[in-house]
Amino acid sequence: MKEVEALQKNWQAFLPAGANVPSPSEPLKLSDDEWKKRLPGESYGVLRKERTERAGTSPLNDEKRPGIFACAGCGLPLFTSEMKFESGTGWPSFFTTIPGAFGTKKDFFLIYPRTEYHCIRCGGHHGHLFDDGPPPTGQRWCNNGVALKFIPKDGGKA
């Protein structure tokens with residue numbers, strides 16, 4: 001678990017030089033109309049209405065470059081590329097998070113309880129947490145790709 005703690009502690013090393021990212025302590029509260037203007041349709045549906053994108057449709061499933069996965073709603077860093085793994089589910093999946101990025105709640109939408117997680121800064125829905133991930137955490141943070149934006153460490157250079 002020390003490796004996971006080091007990943008969580010050193011997440012800023014995955015940001016491009018000079019990157020300016022928001023803090024979880026800077027809440028972003030917008031009206032529903034403001035969110036509709038700010039977000040593309042599918043991102044709005046997931047982040048603000050707790051919908052789920054179709055499995056296998058996110059280009060972020062194949063993202064392998066070093067960098068940060070941030071909230072598409074507010075830009076808060078959520079995961080690093082080193083936290084990502086191939087789950088085979090069709091959604092970007094991570095075995096841990098940047099500390100303090102999410103709040104959780106129980107979701108009974110599919111009858112059995114699941115742990116749903118939301119961005120701590122803007123309240124945007126991202127996905128569900130499962131206990132079928134890889135060692136050492138055993139966690140799978142199953143995230144909707146449209147709820148994320150990727151910030152490459154090299155600033156977007158090929």
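Where a number appears in this text, it was derived from the coordinates with a stated rule and is not lab data. Just so it is clear, the structure is predicted and the values come from calculations on it, not from any experiment. Please note: Cβ atoms are built from the backbone with ideal geometry, for glycine as well, and neighbour counts cover all protein chains shown.
Couple of notes before you dig in:
- Close pairs (7 angstrom Cβ cut-off, 6 or more residues apart or separate chains): in contact (Cβ under 8 Å) with a residue 24 or more places away in the chain in the range 21-32, surrounded by fewer than 16 Cβ atoms within 10 Å (Cβ to Cβ) and of a type in the set (Gly, Ala, Ser) anywhere: PRO24/GLY100
- Boolean, PHE102 is under 19 Å from LYS153 (Cα atoms), touching a residue at least 12 places away in the same chain (Cβ under 8 Å) and among the aromatic types (Phe, Trp, Tyr): no
- Members of the range 125-140 that are buried (at least 19 other Cβ atoms within 10 Å of the Cβ), assigned to a loop (DSSP other than H, G, I, E, B) and touching a strand residue (DSSP E or B) at 6+ places or on another chain (Cβ under 6 Å): GLY133
- Test: residue in the range 40-59 that is hydrophobic (A, V, I, L, M, F, W, C), more than 12 Å from the chain's Cα centre (by Cα) and under 21 Å from ASP132 (Cβ atoms): yes
- Tallying residues that are in contact with a helix residue (DSSP H, G or I) (Cβ under 9 Å, 6 or more places away or on another chain), under 22 Å from PRO27 (Cβ atoms) and surrounded by 13 or more Cβ atoms within 10 Å (Cβ to Cβ) within the range 93-107 yields 2.
- Scanning the range 61-83 for residues that are touching a Ser or Thr at 6+ places or on another chain (Cβ under 7 Å) and closer than 15 Å to GLN139 by Cβ yields a count of 3.
Listed here are the residues, each with its yes/no results for (1) surrounded by fewer than 21 Cβ atoms within 10 Å (Cβ to Cβ); (2) touching a His at 6+ places or on another chain (Cβ under 9 Å).
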site: LEU47; (1), (2): no, yes
site: GLU53; (1), (2): yes, no
site: SER58; (1), (2): yes, no
site: GLU63; (1), (2): yes, no
site: ALA70; (1), (2): no, no
site: CYS74; (1), (2): no, no
